[in-house]
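Scroll down for the structure; my scribbles are underneath it.
The values are calculated or read from the model by the stated rules, or taken from the named source; none is laboratory data. Predicted model only: the values in this text are computed from it and were never measured. Glycine also receives a Cβ, built like all others from the backbone with ideal geometry; neighbour counts cover every protein chain displayed.
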Amino acid sequence: MASNGNNVNNDKSLESWIWDAACSIRGAKEASKYKDFILPLIFVKRLCDVFDDELNRIAKNVGTRKKAFELVKLDKGLVRFYLPLRPEDPEEPVWSVIRRLSDTIGLTLTTYLRGIAKENPDLSGIIDRVDFNATTHGQRDIDDDRLSNLIEKISMKRLGLTDVEADIIGRSYEYLIRKFAEGSGQSAGEFYTPKEVGMVMAKIMDPEPAMEIYDPCCGSAGLLIKCQLALEEKMSLRSKSKYAPLKLYGQEYTPETWAMANMNMIIHDMEGEIEIGDTFRTPKFRKENRLRTFDRVVANPMWNQSWFTEKDYDNDELDRFPKGAGYPGNKADWGWTQHILASLSEKGRAAVVLDTGAASRGSGNAGTNKEKEVRKYFIENDLIEGVIYLPENLFYNTSAPGIIIFLNKAKPKEKKEKYFLLNAAREFAKGDPKNYITDDGIERIAATFRAWREEEKFSRIVDKAEIARNDYNISPSRYIHTADGEEYRPIAEIVEELNALEEEAKVTNAALKAILARIIL
């Protein structure tokens, strides 16, 4: 049966293998663009190796791989994806057709990928987006020599059904983004959710079979996929081998990332639908001129977005921004949270990652603050279940800690007007260059939250009256002090409050100047 050549190195770590591939085309494009060439090829390598696995399975029944090739060509429904690539020797792996390219590599590779997309409509717009023969001002974006090196590096690892974790696209994507951000010293412009944060969210969301789960800004679909992985883990503990999978839905604004989300879903063989477009202004999941609702929502929207104006909120026709809450000011964190709330079914729950400032901005300051008013709306209507304060330096292109806010539209009677706050600031292991939460840490955080179990310097149940006395500050660091002796408050939170005070001072000064101008006149 087909192998993957003589140079297979499945012992090499995924990360070092991916970075070797990236280094093979260094200089071809700026770092942030490497992924646009690497990830589609990793995906096609996965398709080829899985196609080989399926051919080998069929060959066991019909005698030879040559017969298996002929049978699959006649009945393409025998395989998940039909690849119109056939090596001269049918015993050779399908990927060898690509690996042995020597002339017009960019042009031929692009033609091959478009041919695969033509045979498989579900892959259209996903693997045929990249032109490996493209030029800029007459210069090839990636010349054939570098492309040949890239193909050879990708050939070093087999990606069949039993060779690697299914999350290879998501892991590759996040790893490359992190490495490129480190290498260039520039922000990638988005916050990619570390896998351990995603697992904490998924375990607390505690999905059940056949649930519908939605992510309005899904990136490479990592949070959705982790919900399915959490379900599989739970079902294995129950010794359940047969159960209905989750139905996963997401929307992503960036076309390249949308394609990667689809690759990730396909590799995981998960049921769902990923739409493309601006969720905030044009959400795609609707039902009878209203938002479609889901059992669970998980999300990590870009923090502190200032793209949306009060007009965007006022013009909304989907009842996402009720008058009691409405416009949260020039940061969209609570705008996203309102969209997520409107996307929940009557008994729905949600987990959303936000900047720590979203939990405290405006609290304790004189006068009104739009973000604080939205928080007050959520508290007064008992829509928040709890908040987790995360450790610092987890996220790929920021050292800020972040928080996870959990929404629940059907809190049980015993939890009414109570909120579970958990300060996980110390629950991390030191990494280079990023910190991470260990597997034991993930389980401790998730189990403590699910049980609503109070632990000193870790978790507390706080009632609405106490939240109100603290001017609707819902940051766990305000209520749970992890340090000994003097009260510890994170620098990021203090800076946010100083910024809010500065903004209020500007408004007050402007109003005072206007009054003085009228008096002088």
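Conditions (1) at pLDDT 95 or above; (2) outside the structural domain of Pro476 (by TED's automatic domain parsing); (3) at negative phi; (4) part of a loop (DSSP other than H, G, I, E, B), marked per residue:
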| residue | (1), (2), (3), (4) |
| --- | --- |
| Trp336 | yes, no, yes, no |
| Leu341 | yes, no, yes, no |
| Glu346 | yes, no, yes, no |
| Ala350 | yes, no, yes, no |
| Val353 | yes, no, yes, no |
| Gly357 | no, no, yes, no |
| Asn365 | no, no, yes, yes |
| Lys372 | no, no, yes, no |
| Phe378 | yes, no, yes, no |
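Looking across the range 271-303 at every residue that is within 19 Å of Asn315 (Cα to Cα) and of a type in the set (Phe, Trp, Tyr), the one that is surrounded by the fewest Cβ atoms within 10 Å (Cβ to Cβ) is identified as Phe285. Among the residues that make up the range 424-443, is at least one of them in contact (Cβ under 8 Å) with a residue 40 or more places away in the chain, surrounded by fewer than 20 Cβ atoms within 10 Å (Cβ to Cβ) and within 30 Å of Tyr327 (Cα to Cα)? Among the residues of the range 424-443, not one is in contact (Cβ under 8 Å) with a residue 40 or more places away in the chain, surrounded by fewer than 20 Cβ atoms within 10 Å (Cβ to Cβ) and within 30 Å of Tyr327 (Cα to Cα), which makes the answer no.
Examine the range 160-177 for a residue that is of a type outside the set (Val, Ile, Thr), more than 10 Å from the chain's Cα centre (by Cα), modelled with pLDDT of 85 or more and farther than 22 Å from Leu407 by Cβ, and state whether such a residue exists. There is at least one residue in the range 160-177 that is of a type outside the set (Val, Ile, Thr), more than 10 Å from the chain's Cα centre (by Cα), modelled with pLDDT of 85 or more and farther than 22 Å from Leu407 by Cβ. Among the residues of the range 360-381, the one identified as among the hydrophobic types (A, V, I, L, M, F, W, C) and touching a Pro at 6+ places or on another chain (Cβ under 8 Å) is Val374. Could you tell me whether the range 66-86 includes any residue that is within 22 Å of Met156 (Cβ to Cβ), among the aromatic types (Phe, Trp, Tyr) and assigned by TED's automatic domain parsing to the domain that holds Ser148? Looking for residues that are within 22 Å of Met156 (Cβ to Cβ), among the aromatic types (Phe, Trp, Tyr) and assigned by TED's automatic domain parsing to the domain that holds Ser148, one finds none in the range 66-86, hence no. Taking only the range 309-324 into account, find how many residues are touching a helix residue (DSSP H, G or I) at 6+ places or on another chain (Cβ under 6 Å) and modelled with pLDDT of 90 or more. So the answer is 2. Among the conditions (1) assigned to a loop (DSSP other than H, G, I, E, B); (2) crowded, with 17+ Cβ neighbours inside 10 Å, the only one that Ala410 does not satisfy is (2).
The helices (runs of 4 or more DSSP H) falling completely within the range 52-120 that include 1 or more residues that are at pLDDT 95 or above and within 28 Å of Ile25 (Cβ to Cβ) map to 96-99, 105-119.
The conditions of being among the aromatic types (Phe, Trp, Tyr) and surrounded by 19 or more Cβ atoms within 10 Å (Cβ to Cβ) are not met by Phe69.
If the condition is being of a type in the set (D, E, K, R) and within 17 Å of the chain's Cα centre (by Cα), then the range 272-310 contributes Glu273, Glu275, Asp278, Arg296. Remark: pairs (first residue in the range 452-474, touching a residue at least 60 places away in the same chain (Cβ under 8 Å); second residue part of a helix (DSSP H, G or I) and surrounded by 19 or more Cβ atoms within 10 Å (Cβ to Cβ); Cβ separation under 6 Å; 6+ apart in sequence or on different chains) = Tyr472/Lys372; Tyr472/Arg375; Tyr472/Lys376; Ile474/Ala359.
Condition check ((1) closer than 25 Å to Arg320 by Cα; (2) not charged (D, E, K, R)) across all residues:
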position	(1), (2)
Ser241	no, yes
Glu252	yes, no
Asn264	no, yes
Thr279	yes, yes
Glu288	yes, no
